[in-house]
1. Taking the Cα centre of region 265-391 as origin, work out the dipole magnitude from +1 charges on Lys and Arg Cβ and -1 charges on Asp and Glu Cβ, in debye rounded to 20.
2. Under 8 Å for C-alpha pairs, at least 6 residues apart: give me the relative contact order for region 157-243, rounded to a whole percent.
3. For a quick check: sort Ser189, Ser80 by the number of other beta carbons within 10 angstrom, fewest at the front.
4. Excluding residues fewer than 8 places away in the same chain, name every one of the lysines whose C-alpha is closer than 30 Å to that of Lys400.
5. So for the pair Lys266, Lys250, with labels modelled 7 Å out along Cα→Cβ, what separation do we get in nm?
6. Could you put Lys187, Lys199 in order, starting from the residue whose Cβ has the fewest other Cβ atoms within 10 Å?
7. Where the only charges are on Cβ atoms (+1 Lys, Arg; -1 Asp, Glu), what is the dipole of region 157-243 about its Cα centre, to the nearest 20 debye?
8. In whole percent, what relative contact order does the chain give with Cα contacts below 8 Å and a gap of six or more residues?
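FYI, it's all coordinate maths here, none of it is from the lab. Please read these numbers as outputs of a predicted model, since none were measured by experiment. A quick note on method: Cβ atoms are made from the backbone with ideal geometry, for glycine too, and the neighbour counts reach across all protein chains shown.
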Amino acid sequence: MTKISNRLTAIFLIIALCLVINTMTASAATIPTPTIVESQGIAYNTAAFSLQIPMGYDCEIYRATEENGTYKHIDTLQQSAHLIWEGLDNGYWQTDCANKKIVCLRSDDESIYIFYDSSLKFGKTYYYKVRFIEGGSSGDFSSVTAVSPALDGADVTIIKGYANSSYKPKLYWNGIMGSQGYNVYRKESGDWKRVKTVKGARNLIYTDTTAKKGKLYSYRIRAYRVANGKTYYSAYSKPFKVSTKTPTVKGKYSKGSVYGPYLSIKELQDVKRAVQGFKLNYIKSGMSNYEKIEAAYDFMRNTCAYAYAGWQYNQANTAWGSLVYGEAQCSGYARGLKALCDAVDIPCYFVHANSKSLNPNHQWNQVKIDGKWYIVDAQGGYFLVSAETYRFTGMRWNTKNLPACKEDYFK
């Protein structure tokens with residue numbers, strides 16, 4: 001009886017072992033093979049690639065410096081480990097992979113996963129492949145994708161430009177991380193010509209001293225970086241126009257102006273040229289009043305920083321501070337927005353808080369869009385809101401001579 005029992009036990013063990021082996025083989029066979037959908041260099045030290053990951057699978061990431069070289073496991077997205085995803089403003093969710101070398105973004109509907117590797121050297125090409133893991137079993141590797149860090153993953157953007165008091169175009173742009181400098185190109189008619197190489201990643205302002213008065217110029221900029229004796233370039237910025245003609249925009253540019261009661265005529269003319277630059281580049285034919293005020297609001301938010309040093313420095317409480325110097329306090333933001341609105345025919349009031357306010361010194365605007373009035377506070381970040389909504393900030397003001405702002409704007 002004992003011999004039979006031992007024999008049956010042995011048989012059951014063999015059967016069980018076969019079942020385990022078959023189960024493992026079947027499990028491995030059912031693990032899908034990933035496909036890398038797209039890959040791109042997006043910064044001087046960063047590459048990104050995307051793929052779809054079925055629910056329940058971990059994803060191992062391997063990298064090499066030669067296509068047929070040795071691939072090293074650098075990180076794993078462990079979905080089985082109950083990851084914490086952080087929501088982003090663009091509708092994606094972000095988390096670190098297990099070794100914290102790769103960052104992963106996931107679309108809100110979980111249809112696409114994007115992996116970012118920011119540990120790369122500029123001027124080199126890297127090769128990636130991935131595979132899915134489930135319960136200790138590995139699937140087949142994806143095809144290999146090749147990626148090189150690049151400057152052209154991001155564009156230079158000229159954000160502001162106008163002719164200075166000497167009628168010389170002055171340009172401001174957003175830089176690209178990892179650049180070593182910028183080439184500035186100009187066109188009046190005919191071909192683009194490089195007029196300046198601005199060296200240094202943080203030098204983001206250029207004045208074209210070779211320009212002539214009475215002209216309309218277009219400019220574009222691209223970043224560069226040198227690696228291994230070769231120069232790499234970003235994509236060109238979008239063209240940006242600067243007029244060196246006498247500005248013709250509408251507005252209040254006489255002494256005592258709402259744009260700055262104590263500004264000199266020269267400073268007011270600086271404001272006028274800056275407003276001209278805004279209108280030339282941000283206002284297009286056929287735009288609605290909503291699109292115009294949105295452009296003006298975004299321009300103020302993107303080109304002006306808060307003047308923490310105080311209102312008494314660099315005309316920070318005037319349109320000169322916000323539109324020319326690029327730093328302002330609330331009054332400078334409001335006066336600057338008023339100048340932009342006047343130039344594009346949007347009815348606009350400059351409004352000052354009263355003594356009952358949480359901040360009696362605060363200032364903002366009221367604008368008329370589609371026959372109705374709304375509050376805009378470019379410094380505070382409020383866009384086309386009602387008086388009721390704005391009062392939640394603690395602001396109070398004299399409404400006797402102002403039109404009522406009865407509702408928030410819904411596009």
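1. 160 debye
2. Relative CO of region 157-243 lands at 33 percent.
3. Ordered from fewest to most neighbouring Cβ atoms within 10 Å, Ser189, Ser80 come out as Ser189, Ser80.
4. Excluding near neighbours in sequence, the set is Lys250, Lys252, Lys255, Lys292, Lys338, Lys356, Lys368, Lys372, Lys411.
5. Using points 7 Å along Cα→Cβ, the separation is 3.0 nm.
6. Lys199, Lys187
7. The dipole magnitude comes to about 100 debye.
8. That works out to 10 percent.
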